[in-house]
1. So which residues in region 31-46 are loosely packed, with under 14 Cβ neighbours inside 10 Å and among the β-branched types (Val, Ile, Thr), if there are any at all?
2. Inspect region 83-94 for any residue being modelled with pLDDT under 95, touching a Phe, Trp or Tyr at 6+ places or on another chain (Cβ under 8 Å) and aliphatic (A, V, I, L, M) and give the result as yes or no.
3. Quickly run through region 36-76 and pick out the residues that are more than 28 Å from the chain's Cα centre (by Cα) and not in a helix (DSSP H, G or I).
4. Please verify whether residue 104 is of a type in the set (Gly, Ala, Ser) and either in contact (Cβ under 8 Å) with a residue 40 or more places away in the chain or buried (at least 16 other Cβ atoms within 10 Å of the Cβ) (or both), treating the condition exactly as stated.
Amino acid sequence: MGGRRRGGGGGRRLPRVPRRPVVSRRTHGLRGWVLQRLTALYLALFLVYLLAHLILSPPGSVRAWRAWVGDPLVNSAWAVFFAALLMHAWVGVRDVVMDYVGPAGLRLGVLFALGLYLFALGYWALVVLLAAAP
């Protein structure tokens, strides 16, 4: 009643193993999975908006492009885009590093270098966006 029988019919029973979900809410994996999906959704929606804008009313000059990007709403949307892109990259590459880089010291070094690189890219994107703002 309490367990399963082993093959061979020796009469011994295995102890019950509690059933747990593969990814629980308490684990770090679900948070990363949800963040990956949410950032992908924003990236896709923003790219659709960007393509539609560029097809329907392409900026005719650099001045027009800067004026469009300098609009506070558009500038904020670009800032969220870059933040989502960097978070998406962090979660994705972090999971690959955690799965395939064996030694803990090397894994920590790769993650540190990745974090530093993504931070530098984020800083650069912020500088560019602030320069475009009026």
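The values are calculated or read from the model by the stated rules, or taken from the named source; none is laboratory data. Everything numeric here is computed off the predicted structure, so don't read it as measured data. We place every Cβ from the backbone using ideal geometry, glycine too, and count neighbours over all the protein chains shown.
1. Scanning region 31-46 gives a single hit, 34.
2. For region 83-94, residues modelled with pLDDT under 95, touching a Phe, Trp or Tyr at 6+ places or on another chain (Cβ under 8 Å) and aliphatic (A, V, I, L, M): absent.
3. Selection gives 57, 58, 59, 60, 61.
4. no
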